[in-house]
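Below is one structure, written out as structure tokens, with a few remarks after it.
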Ligand SMILES: Cc1ncc(COP(=O)(O)O)c(C=O)c1O
């Protein structure tokens, strides 16, 4: 510890590096590494031309350009908030969505953090899918919330184990410390799978069962990848099941289907929660970048966002197919992969005797072969006394050009072979 580090708060001292930091650094320090790990979007299709035109038009307009360069409201630009409200309603919600429930954030990440911070004291409980978005696990760690993971299959979190976990919390007298059920409903990170409509209904039934007994908690529906659908049917937001509008919050973003560099996302919050999130956001930044929001507003109004969503369907469909083909070509046939219908990720399950973690033979072989993946251990919330699977990996086809992804998969296939040889000769 550096001498002045004793000045740090308990919370800062307890905050650890996100696991992905190592993977990012390994790529930046050694450009020969091919990263199938970093969750960046496709570089080539980023909407530079649309953005240039929007900015040029904006700065032709004396009034509009000056108001974009001024501070804005903490809640964000009204036209974007209205757009989000109408977008949600278009799923056939029973009641209109009041745009005052919508907050614009510096990425949806900021709003995930602030909501969690508003609800959780140290030691409170948040239930997540196992595996889940590891950055959110970092948020929980930072806030001091206890993460509990529920097994998840290709249709989403399993309802029965959720119910059993809630019953166990009820029995142990801890259920009122449960504040949040965090679900990624579309092409989740890391597995690339949806929560099917039937599963959303089953999960909602469990939530309702406990609501009727007086045990309430917020369902945080993270829909970050919804607009990256390239196959299969579109599914309405799970929040449609919450007729009261009081128990499910939705989180969306303009990062994935437009530009992450904008750092612009949104949350549609229950009426009772919105003022608290706004107050806390006031302490963070009293409003996200007005200039960025103005660009997003114009992208929505001119139809550029919608066009980009359409373009990306072709881009990611082709990239996902390329990755699946490469996996078939280079990976042993007993590696199980899902077939994503949207999003940025492919989840590979290796046989149980082939661990993928940081200290594993495979991870070391991958580094030797100059290729990186996200080990599954980062994505499972670690709970004392509960063993979590350790032999999967998250791969992404999103950022790299297809030929580099293909080469990365060749290297990874070789690494799998080498590590299996080393394990069997050691055994
Ligand atoms: C599941 C999920 N939710 C939320 C986010 C946050 O995205 P942003 O802050 O760019 O809106 C990400 C980013 O990777 C994500 O994977």
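Side notes on the structure shown:
- Within the option set 315, 309, being within 19 Å of the chain's Cα centre (by Cα) and either more than 16 Å from the ligand (Cβ to nearest atom) or surrounded by fewer than 18 Cβ atoms within 10 Å (Cβ to Cβ) (or both) holds for one residue only, 309.
- Top-ranked residue in the stretch 183-213 [being closer than 30 Å to residue 398 by Cβ and more than 16 Å from the ligand (Cβ to nearest atom); ranked as surrounded by the fewest Cβ atoms within 10 Å (Cβ to Cβ)]: 198
- So residue 151, is it away from the ligand (no atom under 16 Å from the Cβ), surrounded by fewer than 20 Cβ atoms within 10 Å (Cβ to Cβ) and either closer than 30 Å to residue 285 by Cβ or within 18 Å of the chain's Cα centre (by Cα) (or both): yes
- Each residue in the stretch 95-106 was checked for being part of a helix (DSSP H, G or I) and either in contact with a strand residue (DSSP E or B) (Cβ under 8 Å, 6 or more places away or on another chain) or within 16 Å of the ligand (Cβ to nearest atom) (or both), and 1 of them qualify.
- Considered as a group, the residues in the stretch 107-119 that are in contact with a strand residue (DSSP E or B) (Cβ under 6 Å, 6 or more places away or on another chain) and surrounded by fewer than 21 Cβ atoms within 10 Å (Cβ to Cβ) include one that is farthest from residue 182 (Cα to Cα), and that residue is 107.
- Qualifying positions in the stretch 249-284 - within 14 Å of the ligand (Cβ to nearest atom), in a loop (DSSP other than H, G, I, E, B) and in contact (Cβ under 8 Å) with a residue 60 or more places away in the chain: 255, 256, 258, 259, 263, 264
- Checking residue 158 against (1) farther than 21 Å from residue 236 by Cα; (2) touching a helix residue (DSSP H, G or I) at 6+ places or on another chain (Cβ under 9 Å); (3) surrounded by fewer than 22 Cβ atoms within 10 Å (Cβ to Cβ), the condition it does not meet: (1)
- Tabulated pairs, the stretch 21-46, first under 16 Å from residue 364 (Cβ atoms), second modelled with pLDDT under 85 and not in a loop (DSSP other than H, G, I, E, B), C-beta under 8 angstrom, 6+ apart or interchain: 33/26; 33/27; 37/20; 37/23; 37/27
- Matching residues, the stretch 107-127, being more than 11 Å from the ligand (Cβ to nearest atom) and either within 18 Å of the chain's Cα centre (by Cα) or not in a loop (DSSP other than H, G, I, E, B) (or both): 114, 115, 116, 117, 118, 119, 125, 126, 127
- Residue 363 being more than 20 Å from residue 30 (Cα to Cα) and buried (at least 18 other Cβ atoms within 10 Å of the Cβ): no
- Residue check for residue 88: in a helix (DSSP H, G or I), away from the ligand (no atom under 16 Å from the Cβ) and either closer than 21 Å to residue 240 by Cβ or within 19 Å of the chain's Cα centre (by Cα) (or both): yes
- Residue within the stretch 214-235 that is assigned to a helix (DSSP H, G or I) and either over 19 Å from the mean Cα position of the chain (by Cα) or away from the ligand (no atom under 16 Å from the Cβ) (or both) present: no
The values are calculated or read from the model by the stated rules, or taken from the named source; none is laboratory data. Note that this is a predicted model, so its numbers are computed, not measured. Please note: Cβ atoms are built from the backbone with ideal geometry, for glycine as well, and neighbour counts cover all protein chains shown.
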